[in-house]
Amino acid sequence: MKFNTKVIHGGQENIDPAYNSVMPPIYQTSTFKQSSPGDHKGFEYARSGNPTRTAFENALASIENGSDAIAFSSGVAAIDAVLKLLKSGDEVISTNDLYGGSYRIFKTIFQGFGIKFHFVDMSMASHIEDYINENTKMVWVETPTNPMMNIIDIKAVAAIAKKTNLLLAVDNTFATPYLQRPLDLGADIVMHSATKYLGGHSDVIMGALVVNNKTLADRLFFIQKASGAIPGPQDCFLALRGIKTLHLRVQRHCENGKKVAYFLKNHQSVDKVYWPGFEDHPNHSIASRQMDDYGGMVSFTTIKDTKESAVAVISKLKVFTLAESLGGVESLAGHPATMTHASIPKTEREKTGVVDSLIRLSVGIEDIDDLIYDLDHALSF
Ligand SMILES: *Cc1c(COP(=O)(O)O)cnc(C)c1O
């Protein structure tokens, strides 16, 4: 099956044995009747499994080319589950420019349990090798990175990880499997905040992991059950519905994102624009190799390099909504330094380019003329 068919049918055979409904019912139940002890239809207690959740998990596994997906109540809960594969004394090598919440759970939760994190510039994959020692167990990659749109060569990192027996986890939230399939490139675990493009309508908080290895899947299903950060059936239904239009939405996100990126690049009030589709983006050639298009996320700074100027631009926007999050049908604008990345110390974030004047856009699927008009108006100073 091709991708655009898989988003609709992948993993969805025999979805409702009772009545053959085309979409799975929302099984709003905590438990399932057993005809005699241990004799049941595959579901016992809804923390361990729920058919609506299984339908979502199978759909996601299909489009990421994995054997299994494991759903969680948020993206951060999915990250939490990955880190629970580790034990005290283990070390993780992570990208240095990453989602603020990932940095926060690494530093303020798991570091306290004795896991050590190295934050490394992975624009050259070989940089990782300097940090590998006998305690290293995992490499954590986010690409494109948030909010600087750096691109990391998944295949090159996977080769290093394989050679030294490290697990490679890739946060694929920004790209989605429509643009990039990390398991095909050698990653062991794909992580999603399904809150973003997978759900796609800004109406659900959810996360997931995808793997292509039964032992790893079994361990993660065990952590899902044992730690219990599971999504409810209604959320699984919404995220599954989102997946059915993922290809159409992300295609339009990419088209609009490209037009916004070029518009900003040519605007006199704009200084830098970060978008992996530009030929002068430092890792453009890797992006064009490992991604099918460049996504709808664009970050930029204005020529007035102050927090006030960024705030002034954002507050003039009318179609773009000032809000955290991304990947929904509507365009959003954010100020990373005070919003998504506020949990990262100023000196740390400025090292990676997250300066006070940086604005991050999640370009939605509205009419492009309205988006350009809105930006042009906000940038007239
Ligand atoms: C939002 C996000 C997360 C965290 O997901 P939640 O669903 O908010 O818990 C992780 N990684 C990236 C890249 C994100 O954008």
For this session: Among the residues of the stretch 320-342, write down those that are open to solvent by less than 50 Å² (accessible area, probe 1.4 Å) and within 14 Å of the ligand (Cβ to nearest atom).
Result: Ala323, Ser325, Leu326, Gly327, Gly328, Leu332, Gly334, Pro336, Met339, Thr340, His341
For this session: Test each condition in (1) under 19 Å from Met149 (Cα atoms); (2) part of a helix (DSSP H, G or I) for His192 and report the one that comes out false.
Result: (2)
Exercise. Does Ser299 meet the test of being more than 26 Å from Ala239 (Cα to Cα) and in contact with a strand residue (DSSP E or B) (Cβ under 6 Å, 6 or more places away or on another chain)?
Worked result: yes
Seminar exercise, completed: Of the listed residues (Gly186, Gly101), the one being within 18 Å of the chain's Cα centre (by Cα) and free of Cβ contacts under 8 Å to residues at least 40 places away in the same chain is Gly186
Exercise. Can you tell me which residues in the stretch 78-104 are part of a loop (DSSP other than H, G, I, E, B), more than 9 Å from the ligand (Cβ to nearest atom) and of a type outside the set (Gly, Ala, Ser)?
Worked result: Lys84, Leu85, Leu86, Lys87, Asp90, Asn96, Asp97
Exercise. If you check Lys196, Lys137, which single one turns out to be charged (D, E, K, R), more than 16 Å from the chain's Cα centre (by Cα) and not assigned by TED's automatic domain parsing to the domain that holds Glu330?
Worked result: Lys137
Exercise. Looking at the stretch 169-194, which of its residues are farther than 23 Å from Met138 by Cβ and crowded, with 24+ Cβ neighbours inside 10 Å?
Worked result: Tyr178
Exercise. Filtering the stretch 65-103 down to residues that are at pLDDT below 95 and open to solvent by 30 Å² or more (accessible area, probe 1.4 Å), which residue is farthest from Ala226 (Cα to Cα)?
Worked result: Asn96
Exercise. Among strands (runs of 3 or more DSSP E) lying entirely in the stretch 243-360, which contain 2 or more residues that are in contact with a Pro (Cβ under 9 Å, 6 or more places away or on another chain)?
Worked result: 297-302
Exercise. Could you say whether any residue in the stretch 60-69 is part of a strand (DSSP E or B), assigned by TED's automatic domain parsing to the domain that holds Gln12 and over 26 Å from Gly334 (Cβ atoms)?
Worked result: yes
For this session: Mind telling me which of the residues Gln234, Gln224 ends up being surrounded by fewer than 22 Cβ atoms within 10 Å (Cβ to Cβ), of a type in the set (S, T, N, Q) and in contact (Cβ under 8 Å) with a residue 60 or more places away in the chain?
Result: Gln234
For this session: Report, ordered by the first and then the second residue, all pairs with beta carbons closer than 9 Å, sequence separation of six or more or different chains, a first member in the stretch 312-323 that is over 14 Å from Ser380 (Cβ atoms), and a second member that is part of a helix (DSSP H, G or I) and acidic (Asp, Glu).
Result: Val319/Asp370; Val319/Asp374; Phe320/Asp374
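The values are calculated or read from the model by the stated rules, or taken from the named source; none is laboratory data. Note that the structure is a prediction, hence the values are computed from the model and not measured. Here Cβ is always computed from backbone atoms with ideal geometry, including for glycine, and neighbour counts include all displayed protein chains. To get the accessible areas, we keep the full protein, side chains included, count just its heavy atoms, and leave off ligands, DNA and RNA. Shrake-Rupley method; radii C 1.70, N 1.55, O 1.52, S 1.80 Å.
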